[in-house]
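Report on the structure given below.
The values are calculated or read from the model by the stated rules, or taken from the named source; none is laboratory data. Just so it is clear, the structure is predicted and the values come from calculations on it, not from any experiment. Glycine also receives a Cβ, built like all others from the backbone with ideal geometry; neighbour counts cover every protein chain displayed.
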Amino acid sequence: MKCLFDILKTEPDYTRFLMAVQKGFVPLAASGLSNVHKALLSAALNVHTGKKISLITPDEQTAVSLKGDLESMGLNCLTFYARDFNTERVTGYSKEYEHKRVDTLSRVLDGAFDVLLIPVDAALQYTLPPEILKQNIINISSTDTINVVDFCSALVSAGYVRSEL
């Protein structure tokens with residue numbers, strides 16, 4: 001990949017893009033590129049600048065496709081999914097996307113990524129402020145002894161709802 005990234009550095013359009021990123025002229029937009037070329041451009045920018053990249057995609061399918069291309073280029077990618085809205089009152093509602101969103105946000109706080117892919121509908125939704133997420137992180141390990149009452153209180157104050165099994 002390094003060979004491709006070095007070749008890209010000789011292209012005038014890429015050089016202008018790279019200089020804009022290095023000077024902090026962001027956000028930037030690139031249009032007319034196929035997904036694999038967007039991935040190549042993003043990977044090269046990450047390698048040449050050492051900066052993390054956030055890409056807003058038109059939909060979730062494009063984000064997943066780009067993630068595969070970027071990971072094949074050796075980058076660590078995260079996808080921030082849109083919230084799954086349910087307007088009906090349901091007892092067995094899966095919160096899979098909420099869990100994915102919180103996991104992604106906590107990994108963003110840790111800086112454990114090179115590229116963050118955000119479908120546009122996810123980018124338009126309100127989310128948890130970083131300070132509140134930091135305040136509500138609870139780290140436990142298999143060797144910890146937990147006071148169940150205190151632990152349940154901490155979970156409820158973090159927004160979880162207590163329910164029967």
Among L165, L128, L155, which is the only one that is of a type in the set (A, V, I, L, M), farther than 25 Å from L55 by Cβ and modelled with pLDDT under 85?
L165
Kindly provide the set of residues from the stretch 1-39 that are in contact (Cβ under 8 Å) with a residue 12 or more places away in the chain, surrounded by 10 or more Cβ atoms within 10 Å (Cβ to Cβ), of a type outside the set (A, V, I, L, M) and in a helix (DSSP H, G or I), ordered by number.
F5, Y14, F17, Q22, N35, K38
Yes/no for E11 being within 18 Å of I118 (Cβ to Cβ) and of a type in the set (D, E):
no
